[in-house]
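The values are calculated or read from the model by the stated rules, or taken from the named source; none is laboratory data. Here the structure is a predicted model, which is why all the values come from computation and not from measurement. We place every Cβ from the backbone using ideal geometry, glycine too, and count neighbours over all the protein chains shown.
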Amino acid sequence: MIDQVAQFFDQVVYLHLPREENQFADALAKLASLINIPESVMEMPLCIERQSELAYVHFFTNNENKEDPWYQAILNYKLNGEYRPDMDKRGQRAIRLLAYQYVLNQGELCQRTPQGVILLCLDHSKAKKVRKEFHDGECGPHMSRHWQKKSCVQATTG
(Lines give C-alpha, C1' and ligand atoms only; values in the text may rest on other atoms or scores of the structure.)
Protein backbone atom coordinates (compact mmCIF):
# COMPACT_ATOMS: atom_id res chain seq x y z
CA MET A 1 0.00 0.00 0.00
CA ILE A 2 2.73 2.49 0.95
CA ASP A 3 4.61 1.73 -2.27
CA GLN A 4 1.51 2.69 -4.28
CA VAL A 5 1.33 6.06 -2.50
CA ALA A 6 5.11 6.58 -2.67
CA GLN A 7 5.08 6.72 -6.47
CA PHE A 8 3.33 10.12 -6.31
CA PHE A 9 6.25 11.73 -4.44
CA ASP A 10 9.64 12.87 -5.73
CA GLN A 11 11.47 11.42 -2.74
CA VAL A 12 10.45 9.03 0.03
CA VAL A 13 12.57 8.42 3.13
CA TYR A 14 11.76 5.53 5.46
CA LEU A 15 12.75 6.09 9.06
CA HIS A 16 12.18 3.65 11.90
CA LEU A 17 11.13 5.19 15.21
CA PRO A 18 10.92 3.13 18.39
CA ARG A 19 7.37 2.92 19.75
CA GLU A 20 8.16 5.10 22.79
CA GLU A 21 9.24 7.92 20.46
CA ASN A 22 6.19 7.54 18.23
CA GLN A 23 3.34 8.41 20.61
CA PHE A 24 2.05 11.26 18.47
CA ALA A 25 1.66 9.01 15.43
CA ASP A 26 -0.12 6.40 17.57
CA ALA A 27 -2.53 9.06 18.84
CA LEU A 28 -3.24 10.26 15.29
CA ALA A 29 -3.86 6.70 14.12
CA LYS A 30 -6.32 6.13 16.98
CA LEU A 31 -8.05 9.41 16.18
CA ALA A 32 -8.31 8.50 12.49
CA SER A 33 -9.89 5.16 13.36
CA LEU A 34 -12.57 6.85 15.48
CA ILE A 35 -13.96 9.33 12.94
CA ASN A 36 -15.73 8.91 9.61
CA ILE A 37 -14.47 11.21 6.89
CA PRO A 38 -16.70 11.40 3.79
CA GLU A 39 -14.94 10.58 0.52
CA SER A 40 -15.85 14.00 -0.85
CA VAL A 41 -13.69 15.69 1.81
CA MET A 42 -10.18 16.18 0.43
CA GLU A 43 -8.75 18.18 3.30
CA MET A 44 -9.61 18.26 6.99
CA PRO A 45 -7.69 20.59 9.32
CA LEU A 46 -6.66 19.17 12.66
CA CYS A 47 -6.21 21.42 15.67
CA ILE A 48 -4.04 19.98 18.42
CA GLU A 49 -4.32 21.53 21.85
CA ARG A 50 -2.14 20.62 24.81
CA GLN A 51 -4.18 19.84 27.93
CA SER A 52 -3.10 19.74 31.54
CA GLU A 53 -5.61 16.97 32.35
CA LEU A 54 -6.56 13.72 30.66
CA ALA A 55 -8.89 14.22 27.69
CA TYR A 56 -11.73 12.15 29.12
CA VAL A 57 -11.86 14.36 32.21
CA HIS A 58 -13.33 17.14 30.06
CA PHE A 59 -15.60 14.76 28.17
CA PHE A 60 -17.19 13.13 31.22
CA THR A 61 -17.35 16.12 33.53
CA ASN A 62 -20.80 17.59 34.00
CA ASN A 63 -20.34 21.31 33.36
CA GLU A 64 -23.48 22.17 35.32
CA ASN A 65 -22.32 20.66 38.60
CA LYS A 66 -18.76 21.79 39.37
CA GLU A 67 -18.92 19.99 42.74
CA ASP A 68 -18.79 16.53 41.15
CA PRO A 69 -15.34 14.94 40.84
CA TRP A 70 -13.95 14.24 37.37
CA TYR A 71 -14.67 10.52 37.75
CA GLN A 72 -18.33 10.84 38.82
CA ALA A 73 -19.69 9.40 35.55
CA ILE A 74 -17.45 6.33 35.85
CA LEU A 75 -18.37 5.88 39.53
CA ASN A 76 -22.11 6.07 38.76
CA TYR A 77 -21.70 3.46 36.06
CA LYS A 78 -19.71 1.13 38.33
CA LEU A 79 -22.13 1.55 41.26
CA ASN A 80 -25.51 1.60 39.51
CA GLY A 81 -24.94 0.95 35.80
CA GLU A 82 -26.29 4.46 35.12
CA TYR A 83 -25.13 7.19 32.78
CA ARG A 84 -25.57 10.95 33.04
CA PRO A 85 -28.87 11.96 31.42
CA ASP A 86 -27.17 14.32 28.94
CA MET A 87 -24.67 11.69 27.73
CA ASP A 88 -25.03 10.45 24.14
CA LYS A 89 -24.42 6.87 22.89
CA ARG A 90 -20.73 7.57 22.15
CA GLY A 91 -20.22 8.85 25.69
CA GLN A 92 -21.99 5.82 27.14
CA ARG A 93 -19.80 3.47 25.12
CA ALA A 94 -16.68 5.36 26.23
CA ILE A 95 -17.76 5.06 29.87
CA ARG A 96 -18.27 1.29 29.51
CA LEU A 97 -14.84 0.84 27.90
CA LEU A 98 -13.11 3.08 30.40
CA ALA A 99 -14.83 1.43 33.38
CA TYR A 100 -12.81 -1.78 32.81
CA GLN A 101 -9.72 0.01 34.13
CA TYR A 102 -11.46 0.86 37.41
CA VAL A 103 -12.55 -1.14 40.46
CA LEU A 104 -14.58 -0.32 43.53
CA ASN A 105 -12.82 -0.60 46.86
CA GLN A 106 -15.11 -0.03 49.85
CA GLY A 107 -17.33 2.24 47.73
CA GLU A 108 -14.41 4.32 46.42
CA LEU A 109 -13.31 4.30 42.81
CA CYS A 110 -9.78 3.06 42.16
CA GLN A 111 -7.84 2.61 38.94
CA ARG A 112 -6.13 -0.70 38.30
CA THR A 113 -2.79 -0.33 36.49
CA PRO A 114 -1.46 -2.98 34.07
CA GLN A 115 1.01 -3.97 36.81
CA GLY A 116 -1.89 -4.70 39.18
CA VAL A 117 -1.40 -1.65 41.40
CA ILE A 118 -4.63 -0.12 42.70
CA LEU A 119 -4.69 3.71 42.69
CA LEU A 120 -7.35 5.68 44.56
CA CYS A 121 -9.16 8.27 42.41
CA LEU A 122 -9.10 11.70 44.00
CA ASP A 123 -11.09 14.81 43.17
CA HIS A 124 -9.26 18.10 42.70
CA SER A 125 -9.45 19.25 46.33
CA LYS A 126 -8.31 15.89 47.78
CA ALA A 127 -5.45 15.68 45.28
CA LYS A 128 -4.34 19.19 46.22
CA LYS A 129 -4.42 18.24 49.92
CA VAL A 130 -2.38 15.06 49.34
CA ARG A 131 0.21 16.98 47.28
CA LYS A 132 0.51 19.60 50.02
CA GLU A 133 0.88 16.99 52.77
CA PHE A 134 3.47 15.10 50.78
CA HIS A 135 5.58 18.11 49.80
CA ASP A 136 5.27 19.92 53.13
CA GLY A 137 5.84 16.75 55.12
CA GLU A 138 8.97 15.28 56.60
CA CYS A 139 10.65 14.75 53.22
CA GLY A 140 10.37 18.36 52.07
CA PRO A 141 11.12 19.43 48.52
CA HIS A 142 14.26 17.25 47.99
CA MET A 143 16.23 20.03 46.44
CA SER A 144 19.10 20.98 48.68
CA ARG A 145 21.55 18.94 50.71
CA HIS A 146 22.40 15.26 50.48
CA TRP A 147 21.57 14.62 54.18
CA GLN A 148 17.98 15.77 53.65
CA LYS A 149 17.45 13.18 50.95
CA LYS A 150 19.01 10.48 53.11
CA SER A 151 16.88 11.33 56.17
CA CYS A 152 13.76 11.28 54.03
CA VAL A 153 14.52 7.78 52.78
CA GLN A 154 15.09 6.60 56.35
CA ALA A 155 11.87 8.25 57.52
CA THR A 156 9.73 6.67 54.81
CA THR A 157 11.20 3.17 54.96
CA GLY A 158 11.49 2.64 58.62
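Some values worked out for this structure:
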{"read-out": "Members of region 68-92 found to be surrounded by 12 or more Cβ atoms within 10 Å (Cβ to Cβ), within 19 Å of the chain's Cα centre (by Cα) and more than 20 Å from L120 (Cα to Cα), listed by number", "value": "G91, Q92"}
{"read-out": "Which numbered condition Q115 fails, given (1) modelled with pLDDT of 85 or more; (2) in contact with an Asp or Glu (Cβ under 7 Å, 6 or more places away or on another chain)", "value": "(2)"}
{"read-out": "Among residues of region 18-36, those that are assigned to a loop (DSSP other than H, G, I, E, B) and surrounded by 10 or more Cβ atoms within 10 Å (Cβ to Cβ), counted", "value": "1"}
